[in-house]
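For reference, the structure discussed in these notes is given below.
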Amino acid sequence: MSVSPPMGMAGLAALEERLAHDLLTLNWRARPWLPARSHGGQAVIDVLVIGAGQAGLAAGMALAQQGVAAVLLDRAPADYEGPWATTARMETLRSPKELTGPALGVPSLTFRAWFEAQWGREAWDALDKIPRLQWMDYLRWYRRVTGADVRNGHAATAVRPRAGGLVEVDVQAPAGHATWLARRVVLATGRDGLGGPQIPPFMQGVERGLWAHSSDVLDYATLAGRRVGVIGMGSSAMDSAGTALECGAASVDLIARRAAMPTVNKSKGSGVPGLTQGHYDLPDAWKWRIRHYINAQQVPPPHGSTLRVSRHANAFFHFGCAVHAVAQAGRELRVATARGTFAFDFLILATGFAIDWAQKPEFAPFARHVRTWGERYRPPQGEEDRELFDSPDLGPVFEFQEKAPGACPGLDRIHCFCYPAALSHGTISGDIPAISDGARRLASGIAGLLYREDVEHHYAALQSYAEPELLGDEWTPADTSQRILPSP
């Protein structure tokens, strides 16, 4: 918001007081019940979450409701977790403002409650969509009021499952390098959770200083006065193009392979509670069919994002321009397409992300053992899909499964709570609409697994439990002989 909140800190303080009472009455942060563990004199963390963005925070809060403490690692500095204040460039979120996001069913933890506490109901009614940086402010508040145990500046450099109920995680932190031990590890690593930017082969050999992926950290002010090409016509393409134009680019040409812009967001049309709760139990053919259809139809960029670009006279939309090659001529890039060759000073690739384990070297100790959907299911002809083929075949608690049973003991102790889980579980592990549903499924599942592993301990605790419910003086034994009939 560009204006100071009329209620500001006083309104927020009142909301936080209400939230504290809500969590108290809901018995949030349930009583700890897991036995403390150590190995070789080192404490073992119950659940280690890699990533403290939106998904990581929701997972940590859902685990707290189950009485399970989680430690969250994030390589970013405090308050810059996730893409919102770093590489994201949309003006507003794409989701409707009414969605409750990571609030986990707690009204006073929603964005709306946070917003209205500071700006009031009228401002909420006037709000169209949530400004991107304001969403980041909300997540910063969410982290604070939920008491998330986040360790910033901590990068996981290797994740090694092992037999014996442990996962080793090498961590590079400000204090140095160390190996942490955890019973369970959750990968809350975002849209590119098991890979990174998808770079088309036609970029091979092109000088890196002349192009960037839309997810790269880039000072768009350096594009002022330059001819910019954007490969792609989706949401990220519009965000990048709009930012470049606003930073003074001489021109921006958006180049798309498709013949026309899609206008209907099929993914939005699929978002019903039944699919959220029922996708995991669908037959394989239906899971693939639904996800492939959404991929093939393609998600259009939002209305506002598109207008952000088209209002500039020096923005140009080109369709039916499949890129054949990109060649460098001095400091100029020549982009050969199906409709001719373009000349640019800089190229932005809005080409999405790929599941590509090579881009996540920290997962190398187990990556080759992960079973994928390509090894589980063969789609009908015409429904081939690289993204789905490479997606991990996950168990009911988002756990990885072995390609060859017994080849990687402990692999199922790593839980994939990021975008690549979509084929197995639906879009409940990263996107705002159903992130709470996913976090609750993850947390309740992990709690159940931990209980089963420790069932002997819990049975022994049951046997030794001796807190008296009665003290023995609550009744007086009757003289039974005075109450029964005499013998005949």
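Each Cα pair under 8 Å and six or more residues apart adds its separation to the average, and for the range 264-402 the resulting relative contact order is 17 percent.
Is the C-alpha gyration tensor of the range 130-191 telling us rounded, prolate or oblate? Criteria: a/c under 1.5 is rounded; beyond that, a/b larger than b/c is prolate, otherwise oblate.
Working: a/c = 2.45, a/b = 2.06, b/c = 1.19.
Note, shape of the range 130-191 comes out prolate.
Averaging the sequence gap over all C-alpha pairs within less than 8 Å and six or more residues apart, then dividing by the number of residues, gives the range 121-254 a relative contact order of 12 percent. List the DSSP H helices in the chain whose Cα atoms stretch 15 Å or more along the helix axis and whose mean Kyte-Doolittle hydropathy is at least 0.5. Once both thresholds are applied, what remains is 54-65.
Working note: Karplus 6.51/-1.76/1.60 with θ = phi - 60° gives the range 341-346 the couplings 10, 9, 10, 9, 9, 8 Hz, where Gly and Pro are set to x.
Determine, for each peptide in 337-346, 22-31, the mean count of other beta carbons within 10 angstrom over its residues, then list the peptides with the highest first.
337-346, 22-31
Residues whose amide H falls under 5 Å from that of Glu399, counting only those 5 or more places apart or on a different chain, are Cys416, with hydrogens built in the peptide plane. Calculated translational diffusion coefficient of the range 196-301 (25 °C, 0.890 mPa s; Stokes-Einstein with Kirkwood radius over alpha-carbon pairs) equals 150 µm²/s.
Quick one: work out the % antiparallel among DSSP beta bridges in the chain, nearest 5. Spell out each step's value before the answer.
Working: 35 of 66 bridges.
Looking only at bridges with both residues in the chain, the antiparallel portion is about 55 percent.
Once the convex hull of all Cα atoms in the range 133-273 is built, its volume per residue stands at 240 Å³.
Under Stokes-Einstein, with the Kirkwood radius over Cα pairs as Rh, the value for the range 90-166 at 20 °C and 1.002 mPa s is 144 µm²/s. The stretch between Asp281 and Trp475, if pulled fully straight at 0.36 nm per residue, gains 64.5 nm over its current Cα-Cα span. Computed over the range 392-488, the convex hull of the alpha-carbon atoms projects to a mean area of 14.3 nm².
Measuring spread by the Cα atoms of the chain yields a radius of gyration and Dmax of 26.7, 120 Å.
Summary of the geometry: the range 423-439 and the range 94-166, compared by the centres of their Cα atoms, lie 14 Å apart.
Where only DSSP H runs of four or more residues are counted, the chain gives -8500 deg cm²/dmol as its mean residue ellipticity at 222 nm, each run worth -39500 (n - 2.57).
Taking every lysine pair in the chain that is 8 or more places apart or spans two chains, those with Cα atoms closer than 23 Å amount to 9. Remark on Thr372: its backbone amide H falls under 5 Å from those of Asp393, a criterion applied only to residues 5 or more positions apart or on other chains, H modelled at 1.01 Å from N.
Values quoted throughout were computed directly from the atomic coordinates according to the rules given, and no laboratory measurement underlies them. What you see is a predicted model, and the numbers here were worked out from it, not measured in a lab. Because the Cβ atoms are built from the backbone with ideal geometry, glycine has one as well, and the counts that use them run over all protein chains shown.
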